[in-house]
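Data first, discussion second: the structure below is written as structure tokens.
The values are calculated or read from the model by the stated rules, or taken from the named source; none is laboratory data. Worth saying up front: this structure is predicted, and the values here are computed from it rather than measured. When we count neighbours, we look across all protein chains shown, and the Cβ atoms used for this are built from the backbone with ideal geometry, even at glycine.
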Amino acid sequence: MQNRLEMAEWISQIDQKAPLDLVIANAGISNETGLNLREEEQVRDIFSINIVGMLNTVLPIIQPMKLRHRGQIAILSSLAGFRGMPSAPAYCASKAAVRSYGEGLRGRLLNDGIQVSVICPGFVKSRITDANDFEMPFMMKADKAARFIRKGLINNRARIAFPWQSYLLVRIISALPLSWADKWLSRGPKKI
Ligand SMILES: NC(=O)c1ccc[n+]([C@@H]2O[C@H](COP(=O)([O-])OP(=O)(O)OC[C@H]3O[C@@H](n4cnc5c(N)ncnc54)[C@H](OP(=O)(O)O)[C@@H]3O)[C@@H](O)[C@H]2O)c1
């Protein structure tokens, strides 16, 4: 609650000084692979930061953008948000929630002059991926990922998903019967 009020106040102050054209709800956490002694706490942190943190960023700017009939909002989801993976159930669930919210919000704000995009990256080099001790296919450098995101936002894409190889893979996995994919996916690394 405290974070929520502080964020709303901060965003409001900034917006009054210089109206915000673009707000990107980027904050998010995952967790390191391996034995975890505070698993329950980490599950709760992942849901709280990835979902409530996104709401704390997005909700305060909607009304000011509505009044101006102009603005753009981007929400960081992930390709992990297309299927609950045994490797990271909490992270996948949190990213599925923000994706679904962003997709709905886009249509909801269509007539208010506000553009909403959901960003779904695969593996991108960052502190999150630096903590992983497993092979990450189609890993992308941050500046290349930033160029994809920039282009997608300029074109007001509903979903900015990349790289295409990983996107195709998760779409195939999420189309498989659940029990088939479970057997295969549960052999992977274990995060939260
Ligand atoms: N890297 C990937 O492969 C990948 C793939 C798909 C989606 N994503 C998503 O991309 C976003 C950025 O992640 P990243 O890969 O760039 O990882 P990162 O380097 O760890 O950056 C995470 C960002 O979240 C902020 N953050 C974390 N906890 C916070 C909290 N409690 N309150 C406020 N800010 C908080 C961090 O702020 P500080 O700098 O102040 O710590 C940092 O700016 C996340 O939403 C992540 O889930 C990443």
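The table below gives the values:
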read-out: Among the residues listed as Glu32, Glu40, the single one being modelled with pLDDT under 95, of a type in the set (Asp, Glu) and not in a loop (DSSP other than H, G, I, E, B); value: Glu40
read-out: Test set (1) more than 10 Å from the ligand (Cβ to nearest atom); (2) under 30 Å from Ala18 (Cα atoms) - Ile119 fails condition number; value: (1)
read-out: Pick from region 122-153, criterion in a helix (DSSP H, G or I) and small (Gly, Ala, Ser), ranking: farthest from the ligand (Cβ to nearest atom); value: Gly152
read-out: Residue check, Val98 of a type in the set (Val, Ile, Thr), in contact (Cβ under 8 Å) with a residue 40 or more places away in the chain and either at positive phi or in contact with an Asp or Glu (Cβ under 7 Å, 6 or more places away or on another chain) (or both); value: no
read-out: The lone exception for Ala80 - which of (1) buried (at least 19 other Cβ atoms within 10 Å of the Cβ); (2) among the hydrophobic types (A, V, I, L, M, F, W, C); (3) part of a helix (DSSP H, G or I); (4) out of contact with any strand residue (DSSP E or B) (no Cβ under 9 Å at 6 or more places or on another chain) it fails; value: (4)
read-out: Lone unmet requirement of (1) farther than 14 Å from Ala27 by Cβ; (2) at pLDDT 95 or above for Ser78; value: (1)
